[in-house]
1. Identify, from the list Lys94, Lys106, the residue that is touching a Ser or Thr at 6+ places or on another chain (Cβ under 8 Å) and not aliphatic (A, V, I, L, M).
2. Would you mind listing the helices (runs of 4 or more DSSP H) fully within segment 1-84 where at least 2 residues are farther than 30 Å from Gly171 by Cα?
3. How do the pairs read when you match residues in segment 56-72 that are among the aromatic types (Phe, Trp, Tyr) with residues anywhere that are part of a loop (DSSP other than H, G, I, E, B), using Cβ under 8 Å and keeping only pairs 6 or more apart or on different chains?
4. Can you tell me how many residues in segment 137-156 are crowded, with 22+ Cβ neighbours inside 10 Å and touching a Ser or Thr at 6+ places or on another chain (Cβ under 7 Å)?
5. Out of Lys87, Lys115, report the one residue that is charged (D, E, K, R), surrounded by 17 or more Cβ atoms within 10 Å (Cβ to Cβ) and closer than 30 Å to Asp209 by Cβ.
6. Restrict the check to segment 203-221 and report whether at least one residue is surrounded by fewer than 22 Cβ atoms within 10 Å (Cβ to Cβ), in the same structural domain as Asn263 (by TED's automatic domain parsing) and in contact with a Leu (Cβ under 7 Å, 6 or more places away or on another chain).
7. Residues Asp17, Asp10: which one is more than 25 Å from Ser100 (Cβ to Cβ), modelled with pLDDT of 95 or more, in contact with a strand residue (DSSP E or B) (Cβ under 9 Å, 6 or more places away or on another chain) and not hydrophobic (A, V, I, L, M, F, W, C)?
Amino acid sequence: MKDKFLVCIDSDGCAIDSMTVKHEKAFGPAFVEIWKISDFQKKTVLNEWNNINLYSITRGINRFQGLLAILNLHPELVDGEQLSMFKVWTETTKALSAESLKEEYKQTGLEIMDKALKWSDLVNSKMEELPLAQPFDGVIETVQEIKLKADIAVVSSANLSAIKEEWQKCGLYQLVDYFYSQSDGTKSECINRLISTGYHRNKIIMIGDALGDFKAAETNQVWFFPILAAKESMSWLDLKQKYLNRFFNQQFNKTIQEKLFLNMKDNLL
């Protein structure tokens, strides 16, 4: 067994300030374009998209789960039977990816699958036009301090090349021991893979900003620290000043964990 501590860190919206701008400038506007949302509805739909993906307990869900959620709010935009089939795909596919959706479209030929693919492609092209995101205030200093006592794994559902570019540009790349991305499986699977290399569960903590990050930690019986939406810099400061020493001194416990998780839930609508 490895006797080292391991700190797993989500990237988008947690360490790197990239999540909000991606939804406001890419995901939402692409939905408006592909589904031809009227000017009258546009503001409402964009607000709904942001609430689903940024400011509610569903923050951080996969893009296709987000698409399903917004279409459920607007059934007039899609055939009901096709929407049901899209829902089944999101619940049964082995990978919530464009590649998997392409295979589903080849088999079904459904318009909703085609539109979802076009939307996803448009999202990607819009994201390529965005300026390179930077870390939240407090991230660089905290990660540098973490590295003095622990191995570091970036565990993200984002694209690997984008993650590496963002971490290289801000000077943190060399501090990271492992990079896991959407192509490596779910966050839970990635953490489990790290555990299998010999880390003790009670010496692992996952830092994340969404319920999915908490569930990945909980499934693997490792600790979790939340980065609160719209309070990210304050959260990183709290981690550095209050909680890192507790973790490294193995004084992090279930009472602390429950309080932090309730803070995250209360912070989301």
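1. Exactly one residue qualifies, and that residue is Lys94.
2. Details: elements: 19-22, 28-34, 39-53, 63-73.
Correct list: 28-34, 39-53, 63-73.
3. Close Cβ pairs satisfying both conditions: Phe64/Leu96.
4. Residues meeting the conditions: 2.
5. Exactly one residue qualifies, and that residue is Lys115.
6. Yes.
7. Asp17
Matching residues to (1) among the hydroxyl-bearing types (Ser, Thr, Tyr); (2) outside any loop (DSSP other than H, G, I, E, B); (3) surrounded by 13 or more Cβ atoms within 10 Å (Cβ to Cβ):
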| residue | (1), (2), (3) |
| --- | --- |
| Ala95 | no, no, yes |
| Ser100 | yes, yes, yes |
| Asp121 | no, yes, yes |
| Lys126 | no, yes, yes |
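The values are calculated or read from the model by the stated rules, or taken from the named source; none is laboratory data. Since the structure is predicted, the reported quantities are computational estimates derived from the model, not experimental observations. Note that each Cβ is placed from the backbone with ideal geometry, even for glycine, and that neighbours are counted across all protein chains shown.
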